[in-house]
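Here the structure comes first, spelled out in structure tokens, and everything after it is commentary.
Nothing in this text is a laboratory measurement; each read-out follows from the coordinates by a stated rule. All values derive from a computational prediction rather than experimental measurement. Cβ coordinates were reconstructed from backbone atoms using ideal geometry, including for glycine residues, and neighbour counts include every protein chain displayed.
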Amino acid sequence: MFHRHNEGAERMRQRKEAEDQAPRLSDSCPTLQTLRLQLRFRRGETRIEDSAHVKIVVVARAPAMFFVPCADKECREGGHDITSMVMDGLRRKQTTVTGEDACHGTLGSAQSRCSGSLEFVATATYG
Ligand SMILES: [Zn+2]
């Protein structure tokens, strides 16, 4: 059975489970010391200026998994999994990893496609 009202909670639970099962960042990239992610969202060509924020990753206990929810609260099944882009850069010991990811969610009952996208800059230091 599909219970629509449980959808969000169920997704959050699945994500939490995936994070718990993911390898630790400190195992995947032992020399990594600090990591910070600067995130900025766009809708189409428009920057959502007040959406910009910085996330400090706690390297010692963070999972090697980077999922950023869509900036739009109306968005269903959206969000940005930037794990492979970030991890590729970290394995190559890049101090700056930049990338962009388009959201593939849908908006509201009209099922129109979310035009949100995420730009990120990961800044890392290594031991
Ligand atoms: Zn979205």
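Which ones in the range 90-125 are within 16 Å of the ligand (Cβ to nearest atom), under 17 Å from the mean Cα position of the chain (by Cα) and in a strand (DSSP E or B)?
Glu100, Asp101, Ala102, Gly116, Ser117, Leu118, Glu119, Phe120
How many of the residues in the range 53-69 are assigned to a strand (DSSP E or B) and closer than 13 Å to Arg36 by Cα?
Qualifying residue count, the range 53-69: 5.
Working only within the range 78-89, note down all residues that are away from the ligand (no atom under 16 Å from the Cβ), in contact (Cβ under 8 Å) with a residue 12 or more places away in the chain and either surrounded by fewer than 21 Cβ atoms within 10 Å (Cβ to Cβ) or under 20 Å from Gly105 (Cα atoms) (or both).
Across the range 78-89, the qualifying residues are Thr83, Met85, Met87, Gly89.
As an exercise: evaluate Arg42 against (1) in contact (Cβ under 8 Å) with a residue 40 or more places away in the chain; (2) part of a loop (DSSP other than H, G, I, E, B); (3) within 18 Å of Ala122 (Cβ to Cβ) and give the number of the one condition it does not meet.
With respect to (1) in contact (Cβ under 8 Å) with a residue 40 or more places away in the chain; (2) part of a loop (DSSP other than H, G, I, E, B); (3) within 18 Å of Ala122 (Cβ to Cβ), Arg42 is out only on (2).
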